[in-house]
Amino acid sequence: MVDAIDVLLAKVNAPELCRGQTEIYRGAEYSTNMLPKVKLEIAASDELAPQIVETIQQRAGTDSIGDGKIFVLDLASATRIRTGESGENAL
């Protein structure tokens with residue numbers, strides 16, 4: 001079995017219950033409780049998952065509220081659109 005990994009990094013806005021911020025849109029001021037965050041999606045082989053989780057915890061953790069969460073989910077399938085490759089070959 002080949003170790004496979006694919007990564008997606010996205011800037012997202014997530015709700016923050018404790019703190020809001022004020023924005024101005026088209027001259028009107030409004031309050032929002034959405035804060036900028038980073039979302040990281042990683043598709044990897046089962047063998048690599050524990051190592052990836054441990055690395056994220058060590059490197060991204062600040063021991064503060066808002067560090068985020070790590071979800072480990074089964075990936076039913078993956079297909080590379082351009083080539084039609086599927087399974088781990090698509091990663």
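Where a number appears in this text, it was derived from the coordinates with a stated rule and is not lab data. Please read all numbers here as calculations on a predicted model, not as lab measurements. Here Cβ is always computed from backbone atoms with ideal geometry, including for glycine, and neighbour counts include all displayed protein chains.
Mind checking which of Ala44, Ser86, Ile56 is farthest towards the positive end of the range 41-91's charge dipole, using Cβ charges of +1 (Lys, Arg) and -1 (Asp, Glu) about the Cα centre?
Ser86
Please compute the length gained on full extension between Leu9 and Thr83, using 0.36 nm multiplied by the number of residues separating them and subtracting their Cα-Cα distance. Kindly include the intermediate steps, with their values, before the conclusion.
On the way: separation 74, 0.36 × 74 = 26.64 nm, distance 2.26 nm.
Value of the extension gain: 24.4 nm.
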